[in-house]
Amino acid sequence: MTPAPVISIVGAGPAGFYVAEALLQALPGGRLHLFERAAAPHGLVRYGVAPDHQKLKQVAAVFDGIAGHARLQLHAGVEIGRDLALDALRAGSHAVVLTHGAALGRRLGIAGESLPQVFSAAAFVGWYNGHAEHAGLAPDLAVDSAAIVGHGNVALDVCRLLVRSFDDLAVSDIPQPMLQAFRQRGIREVHLLGRGGPGSMKFTFKEFRQLADLPNVRIRLPQADSFTEAMWEQADSPDARRVLQWLRAQRDVPVDATDGRLTVNLWFHATPTAFVGAGTLRGVRLRSGLGAGQDVEIACGIAVTCVGFASRAIPGAPGCTAAGHLHHRAGQVLDEAGQAVPGLFVAGWAKRGPSGIIGTNRACGDETAATLLATLPALLQGPPPQATDFGALLQSRGIATFGHAGWCLLDAHERAQGAALGKPREKLLSLDDALRTLATLAPA
């Protein structure tokens, strides 16, 4: 008799849920375990999507429906590789799917990057979204100017939050401690530094207009006098072309320097060579590829580097590529020699790198699920999984965790706390906070 498949998924973000959904539909008798290291599920939706993009977060309701399936068990607050070895997880499962994302910020590798007030996007975005690892970051926003390295959507999210009115932010799901830092903002000018040319902007036109249309913001091109006609015409994407058309139409509009608006400066061919300061950040030094090509130093009191993300290494898993994701073939994890690792699969950002939108993870997860299903008959012929009661195993080790029912209680609590403050939710900021709160909410 063929045994019922037992499949474990590491990471309860969009990729993990879409893989789970595909496998639950394809395996009527299959049992799934979904592990999440954070104090809440939803991954990128909770900790990556900008707080003022509440509509995008509505997909969390779909994920909660998947998490409530009778054949899926959520284990929140469990880090694979620390609380439970990957080898032990594999020994207790017919297959394991790694969907742990790309939570590490990539570095520029330049002088001064470790100065106070210089942050990676992973840290800064994690901070304002209330991720436990970054909740204690404490950036000082009471500075005059900011520099953001990068011309992608994450960079625009960071920029928009630095200049958006406090009243708008107060009704988002930015946690109250972080909201108080935004209340103290003194920022009057933001520099968006792109290392490529005007036509190589990576952000979408929609994201750009969400920034440019803010009533308290003006967009400025400090290097406009150095633009050639070709620079205005050459674009790598339809979005970049539309942004250039908008910028060109606006460049001759008279500017009232006394209207009180904040300035966002778009820089191109601007390669940071050093962050400068003694004890704290004073500015960023750039090598400019426009005009005379001289070095420029821009004053700033805070800097955020939005130059990519990499996956966290999980002990027992093969190493990542130089681009920061796992080697794979259609979701089948490969070792350093390019050979398939039996029963080990990957989906999401850990598979393809930080690209696409939330919905991109569905197709990505479906591909990985199809690869897993194709190899499952052979996996089922192998030795039966060892102890598969992971909940009991974790409890025996004194590791506190919670499942879907616990998350539903915490979710309702966060929403109630937020409603009292006129916002969608007030997030719990650590696993300890979640467990303490759950102890007061759970029925006796």
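The values are calculated or read from the model by the stated rules, or taken from the named source; none is laboratory data. Predicted model, so just to flag it, every value in this text is computed and none were measured. Methodologically, a virtual Cβ is constructed for each residue, glycine included, from the backbone with ideal geometry; neighbour enumeration extends over all protein chains shown.
Only a single criterion out of (1) touching a residue at least 40 places away in the same chain (Cβ under 8 Å); (2) closer than 23 Å to residue 245 by Cβ is not satisfied by residue 187, namely (2). Checking each residue in the stretch 275-285 for being modelled with pLDDT of 95 or more and either in a strand (DSSP E or B) or under 28 Å from the mean Cα position of the chain (by Cα) (or both) picks out 275, 276, 281, 282, 283, 284, 285. Within the stretch 38-96, restricting attention to residues that are in contact with a strand residue (DSSP E or B) (Cβ under 6 Å, 6 or more places away or on another chain) and part of a helix (DSSP H, G or I), the residue that is surrounded by the most Cβ atoms within 10 Å (Cβ to Cβ) is 67.
Only one of the numbered conditions (1) surrounded by 21 or more Cβ atoms within 10 Å (Cβ to Cβ); (2) touching a strand residue (DSSP E or B) at 6+ places or on another chain (Cβ under 9 Å) is violated by residue 361, and that is (2). Within the stretch 251-263, the presence of at least one residue that is in contact with a helix residue (DSSP H, G or I) (Cβ under 8 Å, 6 or more places away or on another chain) and closer than 17 Å to residue 191 by Cβ is confirmed. Selection within the stretch 391-400: residues that are out of contact with any helix residue (DSSP H, G or I) (no Cβ under 9 Å at 6 or more places or on another chain) and in a helix (DSSP H, G or I). The member of this set that is surrounded by the most Cβ atoms within 10 Å (Cβ to Cβ) is 394.
For residue 253, the conditions (1) within 24 Å of residue 286 (Cα to Cα); (2) free of Cβ contacts under 8 Å to residues at least 40 places away in the same chain all hold with the exception of (1). Say whether the condition of being in contact with a Lys or Arg (Cβ under 7 Å, 6 or more places away or on another chain) and of a type in the set (Gly, Ala, Ser) is met by at least one residue in the stretch 25-37. Yes, the conditions are met somewhere in the stretch 25-37. Pairing residues of the stretch 13-30 that are assigned by TED's automatic domain parsing to the domain that holds residue 70 with residues that are polar (S, T, N, Q) and crowded, with 24+ Cβ neighbours inside 10 Å, at Cβ distances under 7 Å and at least 6 apart in sequence or on separate chains, gives 13/99; 14/361; 15/99; 15/361; 16/99; 18/361; 19/99; 19/368. When residues of the stretch 395-431 are filtered for being at negative phi and in contact (Cβ under 8 Å) with a residue 40 or more places away in the chain, how many remain? Summing the residues that are at negative phi and in contact (Cβ under 8 Å) with a residue 40 or more places away in the chain in the stretch 395-431 gives 23.
The set of residues from the stretch 294-338 being of a type outside the set (A, V, I, L, M), under 25 Å from the mean Cα position of the chain (by Cα), within 28 Å of residue 113 (Cβ to Cβ) and not in a loop (DSSP other than H, G, I, E, B) comprises 305, 309, 320.
Only one of the listed residues (403, 422, 418) is more than 30 Å from residue 330 (Cβ to Cβ), in contact with a strand residue (DSSP E or B) (Cβ under 7 Å, 6 or more places away or on another chain) and either surrounded by 14 or more Cβ atoms within 10 Å (Cβ to Cβ) or not assigned by TED's automatic domain parsing to the domain that holds residue 87 (or both). That residue is 403.
Within the stretch 192-225, if we keep just the residues that are in contact with a strand residue (DSSP E or B) (Cβ under 7 Å, 6 or more places away or on another chain) and assigned to a loop (DSSP other than H, G, I, E, B), the residue that is surrounded by the most Cβ atoms within 10 Å (Cβ to Cβ) turns out to be 194. When restricted to residues that are assigned to a loop (DSSP other than H, G, I, E, B), closer than 14 Å to residue 268 by Cβ and not aliphatic (A, V, I, L, M), the stretch 226-250 contains 4. The number of residues in the stretch 3-23 that are more than 19 Å from residue 391 (Cβ to Cβ), in a helix (DSSP H, G or I) and of a type outside the set (Ser, Thr, Tyr) comes to 7.
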